[in-house]
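Inspection log for the structure reproduced underneath, given as structure tokens.
The values are calculated or read from the model by the stated rules, or taken from the named source; none is laboratory data. Given the structure is predicted, the values throughout are model-derived calculations rather than measurements. In this analysis, Cβ positions are derived from the backbone assuming ideal geometry, glycine residues included, and neighbour counts consider all displayed protein chains. Areas reflect the complete protein model, heavy atoms only, side chains present, ligands, DNA and RNA absent. Shrake-Rupley method; radii C 1.70, N 1.55, O 1.52, S 1.80 Å.
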Amino acid sequence: MGLKAEDVFRPGAFPEYTYISRKSTFSDLSYEFRLSQAIRVSGFLTSLVGPSKMGKTILCEKVIGFERIIEISGADFNGDTDFWKLVAVRTGLSYEGQVLSGRTIRDTCDKFETKENYLLTKDKIIEYYREHDLVLVIDDFHYAPEAKRLLVAQQLKDAIRRGFKAIVVSLPHRADEAIRQNADLSGRLSLINIEPWEVEDLKEIAKLGFGKLDIAIEDAIAERIAIESLSSPQLMQYICLNICTLIEMNNPEYRSVQPEILKTAYHYTTANFEYGDVVALLRKGPNTRGKNRNLFRAGDGKYYDLYELLVKSLVENPPLMKLDFEIIKKRLDEIVEDGSKKPEQRAIRESLNKLQELLDEREDIFKVIDWKEGTLYIVDPLFLFYLRWGEIENRYV
Ligand SMILES: Nc1ncnc2c1ncn2[C@@H]1O[C@H](COP(=O)(O)OP(=O)(O)OP(=O)(O)O)[C@@H](O)[C@H]1O
Ligand SMILES: [Mg+2]
């Protein structure tokens, strides 16, 4: 029996049939090679940092293998989580408990049972990891509370010296200082930075996968999907899977990817994403406390305030994950109708500052953009994709 689309394109799991190996721009070596070298060296902690949805977890699983990897997440920690207890539990070792020891006293032949408490020590866990050649991956380290991150770093420092192997995975700029800027760990770190995906590498996912399914895809179409995937292999996998669903629904006998179905596939893909509240917050901006905002007349004849315009500017073509201030200004000027008043630079910067403040106060799902030093970064590719294709009024058609 042939392969099924959901086995080939796996946006949420290990892509057995569509795994692509990439080279890092920093060197000519593949990420797999660099990571496997890093974990081979005893006494070093590996810090893997990269933007959201770029394949960090999958890379660890590929290189270490499911038999040797033990995964914990920063989200598993709260203020009073005992690090070694958590590690023991995830490894399948019982950390604390009671053992029964039976002894018989000859004279009476009575049998006594005593219960003794035991606590698996950190040393035993380290020894177990060494014996079984296990590697601990602390994924999404940024989710652990800040104070906890420092404590974990201290524990790791001591453990790696004794041959314990661990990889700490986190987003850039958020949580890596506990590891990368920790003086105690300097000289004992292997650093691997995961870069966003290039269009050429993303295209390979489509070509490989559709090839396995016996569905033809032209290079130019694979390229269009890759551009729309905003440097994320996860989006690429999602879109390709939805294209398969559409082909199965419409013309299962027609085994090629037609350009007409792309926009529908993009739109379907957004059904899995929940950014409605985030978009609403960005469009609304901070509380105006009763004051009216300036409105600008756009090319579509409608009036928008600056916050609504800023959201619109993100949607424009080509999709960009990094927008310098000049690009934002240019896009805003183009959206506003010719001959009408254009937004002023000072007001634009002020609104961006306010948006940043607004997002900083909110939960992680809201942290989709980062405005710093005159550049706006889209932190979450799925958010920009949702913005471009999710809502009918924005849909880029
Ligand atoms: N090397 C790869 N080849 C093909 N597809 C990949 C590759 N790496 C990741 N993907 C796809 O991207 C998805 C997300 O990858 P992964 O979960 O590793 O990203 P992440 O960087 O850990 O994301 P997050 O920031 O959410 O933790 C995978 O489920 C898979 O579909
Ligand atoms: Mg991950």
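Worth a mention:
- Residue in region 335-347 that is closer than 25 Å to Glu198 by Cα and basic (Lys, Arg) present: no
- Close pairs (8 angstrom Cβ cut-off, 6 or more residues apart or separate chains): closer than 14 Å to Glu198 by Cβ in region 215-226, open to solvent by 40 Å² or more (accessible area, probe 1.4 Å) anywhere: Ala222/Lys207; Glu223/Val199; Ala226/Val199; Ala226/Glu200
- Residue among Lys263, Lys302 that is free of Cβ contacts under 8 Å to residues at least 12 places away in the same chain and surrounded by 11 or more Cβ atoms within 10 Å (Cβ to Cβ): Lys302
- Residue match in region 314-328 (condition: surrounded by 12 or more Cβ atoms within 10 Å (Cβ to Cβ) and more than 30 Å from Gln234 (Cβ to Cβ)): no
- Per the listing Ala159, Ala220, the residue uniquely outside the structural domain of Cys60 (by TED's automatic domain parsing) and either open to solvent by less than 30 Å² (accessible area, probe 1.4 Å) or more than 16 Å from ligand 1 (Cβ to nearest atom) (or both) is Ala220.
- Residue check, Leu45 within 26 Å of Lys148 (Cβ to Cβ) and within 19 Å of the chain's Cα centre (by Cα): no
- Test result for Leu208, out of contact with any Asp or Glu (no Cβ under 7 Å at 6 or more places or on another chain), open to solvent by 40 Å² or more (accessible area, probe 1.4 Å) and not assigned by TED's automatic domain parsing to the domain that holds Glu61: yes
- Of all the numbered requirements in (1) open to solvent by 70 Å² or more (accessible area, probe 1.4 Å); (2) under 21 Å from Ser21 (Cα atoms), Trp197 misses one, and that requirement is (1).
- Among the residues of region 31-51, those identified as surrounded by fewer than 20 Cβ atoms within 10 Å (Cβ to Cβ) and within 10 Å of ligand 1 (Cβ to nearest atom) are Glu32, Gly50.
- Restricting region 115-151 to residues that are modelled with pLDDT under 85 and assigned to a loop (DSSP other than H, G, I, E, B), the residue that is nearest to ligand 2 (Cβ to nearest atom) is Leu120.
- Members of region 162-181 found to be open to solvent by 10 Å² or more (accessible area, probe 1.4 Å), at pLDDT 80 or above and more than 14 Å from ligand 1 (Cβ to nearest atom), listed by number: Arg162, Gly163, Lys165, Arg180
- Cβ pairs under 9 Å, 6+ apart, first in region 1-22 and among the polar types (S, T, N, Q), second within 6 Å of ligand 1 (Cβ to nearest atom): Thr18/Arg10; Thr18/Ile205; Thr18/Pro233; Thr18/Gln237
- Residue ranges of helices (runs of 4 or more DSSP H) in region 237-353 with at least 2 members more than 24 Å from the chain's Cα centre (by Cα) and in the same structural domain as Asp370 (by TED's automatic domain parsing): 276-284, 306-315, 325-335
- If you filter region 14-30 down to residues that are open to solvent by 70 Å² or more (accessible area, probe 1.4 Å) and of a type in the set (A, V, I, L, M, F, W, C), you find that the one that is nearest to ligand 1 (Cβ to nearest atom) is Leu29.
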